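Below: one structure, written as structure tokens.
The values are calculated or read from the model by the stated rules, or taken from the named source; none is laboratory data. Just so we're clear, the structure is a prediction, and the values are computed from it rather than from any experiment. Please note: Cβ atoms are built from the backbone with ideal geometry, for glycine as well, and neighbour counts cover all protein chains shown. The protein model used for the area step is the full one, side chains on, heavy atoms only, and it has no ligands, DNA or RNA in it. Shrake-Rupley method; radii C 1.70, N 1.55, O 1.52, S 1.80 Å.
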Amino acid sequence: MIAGEAKKIGFYGFGAAAHILAQVAHRQGRSVYAFTRSGDARTQAYAKSLGAVWAGGSDEAPPEPLDAVIIFAPIGALVPLALKAVRKGGRVVCAGIHMSDIPSFPYSFLWEERELLSVANLTRKDGLDFLRLAPQIDVKVQTRRYALTEANQALADLRAGRFEGAAVLTP
């Protein structure tokens with residue numbers, strides 16, 4: 001995992017990827033902290049049902065400093081919040097394909113050897129490693145199906161947080 005050996009890991013944006021990684025991290029003995037839209041009690045409860053020890057709004061500070069954070073939400077304004085949430089020497093990974101601009105923030109948020117990096121995509125080896133691991137930990141994937149002709153509705157529902165897990169387009 002790009003978050004390294006983090007024992008306390010946060011996920012900003014608890015959707016398609018995070019709901020799977022939370023289960024993997026939990027089964028690996030890591031403590032998972034889920035950050036959702038502010039006031040999204042349904043998704044916070046869902047994260048806890050998958051093993052998160054804490055779930056709150058992305059505008060909230062976790063109860064303790066984290067070792068690493070992965071940001072899945074495409075919101076650049078989460079970067080300074082995530083940097084504030086990690087301990088000295090902690091790591092913040094921007095994992096989205098697209099992200100809005102990151103606002104200016106004080107150097108003190110990065111100070112004390114915090115790392116800020118991005119990941120472009122997974123490798124074939126990453127996929128094979130996951131496929132070997134998934135059956136061992138009984139990963140539960142929650143999906144919501146949409147016909148291909150409903151792709152725009154799927155995107156709108158995703159943006160509005162109208163479902164948990166992942167959207168799947170079918171022919």
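The residues listed here are 135, 171; of these, the one that is open to solvent by 50 Å² or more (accessible area, probe 1.4 Å), farther than 25 Å from residue 7 by Cα and over 18 Å from the mean Cα position of the chain (by Cα) is 171.
Residue 117: of a type in the set (A, V, I, L, M, F, W, C) and over 18 Å from residue 20 (Cα atoms), yes or no? Judged against the criteria, residue 117 is a match.
Open to solvent by 30 Å² or more (accessible area, probe 1.4 Å) and modelled with pLDDT of 95 or more: does that describe residue 61? Against the criterion (open to solvent by 30 Å² or more (accessible area, probe 1.4 Å) and modelled with pLDDT of 95 or more), residue 61 qualifies. Restricting the first member to segment 38-49 and to residues that are basic (Lys, Arg), and the second to residues that are crowded, with 19+ Cβ neighbours inside 10 Å, the beta-carbon pairs closer than 6 Å and six or more apart or on different chains are 48/55. Scanning segment 118-148 for residues that are in contact with a helix residue (DSSP H, G or I) (Cβ under 7 Å, 6 or more places away or on another chain) and β-branched (Val, Ile, Thr) turns up 137, 139, 141. Residue count for segment 141-163, restricted to those that are surrounded by 12 or more Cβ atoms within 10 Å (Cβ to Cβ) and either of a type in the set (Ser, Thr, Tyr) or under 22 Å from residue 3 (Cα atoms) (or both): 3.
Of all residues in segment 84-101, those that are within 28 Å of residue 165 (Cβ to Cβ) and surrounded by 15 or more Cβ atoms within 10 Å (Cβ to Cβ) total 10.
Applying the criterion of being out of contact with any His (no Cβ under 6 Å at 6 or more places or on another chain), at pLDDT below 95 and not hydrophobic (A, V, I, L, M, F, W, C) to the residues of segment 71-105, the residue that is nearest to residue 31 (Cα to Cα) is 96. If the condition is being open to solvent by 50 Å² or more (accessible area, probe 1.4 Å) and over 29 Å from residue 41 (Cα atoms), then segment 118-132 contributes 120, 121, 122, 123, 124, 125, 126, 128, 129, 130, 131, 132.
Hey, any hits in segment 109-117 for a residue that's part of a helix (DSSP H, G or I), open to solvent by 70 Å² or more (accessible area, probe 1.4 Å), of a type in the set (Phe, Trp, Tyr) and more than 26 Å from residue 51 (Cβ to Cβ)? Checked against the condition, which is being part of a helix (DSSP H, G or I), open to solvent by 70 Å² or more (accessible area, probe 1.4 Å), of a type in the set (Phe, Trp, Tyr) and more than 26 Å from residue 51 (Cβ to Cβ), segment 109-117 yields no hits at all. Residue pairs whose Cβ atoms lie under 6 Å apart, sitting 6 or more positions apart in sequence or on different chains, and linking a residue in segment 1-23 that is farther than 11 Å from residue 66 by Cα to a partner that is open to solvent by 20 Å² or more (accessible area, probe 1.4 Å) and polar (S, T, N, Q), are 12/58. Scanning segment 1-27 for residues that are of a type outside the set (A, V, I, L, M, F, W, C) and either buried (at least 16 other Cβ atoms within 10 Å of the Cβ) or within 20 Å of residue 61 (Cβ to Cβ) (or both) yields 7, 8, 10, 12, 13, 15, 19, 23, 26.
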